[in-house]
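A.B. asks: Attaching a single structure in structure tokens format; questions to follow.
Every number here is computed from the coordinates shown, using simple stated rules; none is lab data. For clarity, every value in this text was computed on a predicted model and none was experimentally measured. Counting neighbours? That spans all protein chains shown, and the Cβs are built from the backbone with ideal geometry, glycine included.
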Amino acid sequence: MNDFENELRSALRREEPPSGFAARVVARTGAHAAPRRSGWIAAAIAACLLLSIGGGFEYRQYRGRKAKRELLLALNIAGSKLNIVQKKVSDLSRRTLYE
């Protein structure tokens, strides 16, 4: 087991990178990273815009359907109240005719 530990330590020990390594890494990442990021950003912006427009349209549809339901309910209530008033007026007019 001691040999295994020694091999593991030697494999994991710190080593200094070769000269110019950092400059090469920065040069390679700078050349390739910018187009990918802008592509992802553009796709994310487009997705957000589509969701916003679609969501706004759907919300307006929802509000219209809700307003229609509320209007129909109000007209139904008003109609039933008018029927009650009409019946009372009719009853009163009958009473006055027969009295």
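A.B. asks: Out of GLU58, GLU16, GLU70, any idea which swings most in a Gaussian network model of the chain, alpha carbons joined below 10 Å?
C.D. replies: Sorting by GNM fluctuation, first place goes to GLU16.
A.B. asks: Further, regarding this structure: Just the number: Rg to Rh for the chain, Cα atoms, Kirkwood Rh, two decimals. Write out the running numbers ahead of the final one.
C.D. replies: Details: Rg = 39.8 Å, Rh = 22.8 Å.
Ratio of gyration radius to Kirkwood radius: 1.74.
A.B. asks: Okay, next question. Taking the Cα centre of region 17-98 as the origin, how large is its charge dipole in debye, to the nearest 20, when only Lys and Arg (+1) and Asp and Glu (-1) carry charge on their Cβ atoms?
C.D. replies: 320 debye
A.B. asks: Sticking with this structure for a sec: Take the chain, connect every pair of alpha-carbon atoms lying under 10 Å apart with a spring to form a Gaussian network, then pick out the residue of LEU73, LEU49, LEU12 with the largest mean-square fluctuation.
C.D. replies: Highest fluctuation of the listed residues: LEU12.
A.B. asks: If each DSSP helix of 4+ residues adds -39,500 (n - 2.57) and the sum is divided by the residues in the chain, what number results at 222 nm, nearest 500 deg cm²/dmol?
C.D. replies: Dividing the helical sum by the residues of the chain leaves -33500 deg cm²/dmol.
A.B. asks: Starting from 0.36 nm per residue, how many nanometres of slack lie between ILE45 and ASN83 once their C-alpha separation is accounted for?
C.D. replies: Numbers: separation 38, 0.36 × 38 = 13.68 nm, distance 5.67 nm.
So the extension gain works out to 8.0 nm.
A.B. asks: Have a look at SER80, ALA42, LEU12 and report the one farthest towards the positive end of the charge dipole of the chain, computed about the Cα centre with Cβ charges (Lys/Arg +1, Asp/Glu -1).
C.D. replies: SER80
A.B. asks: Further question: Please return the longest stretch of the chain lacking exposed loop sites, where trypsin sites (Lys or Arg not before Pro) count only if DSSP places them in a loop and at most 11 other Cβ atoms lie within 10 Å.
C.D. replies: Free of exposed loop sites, the longest segment is 15-99.
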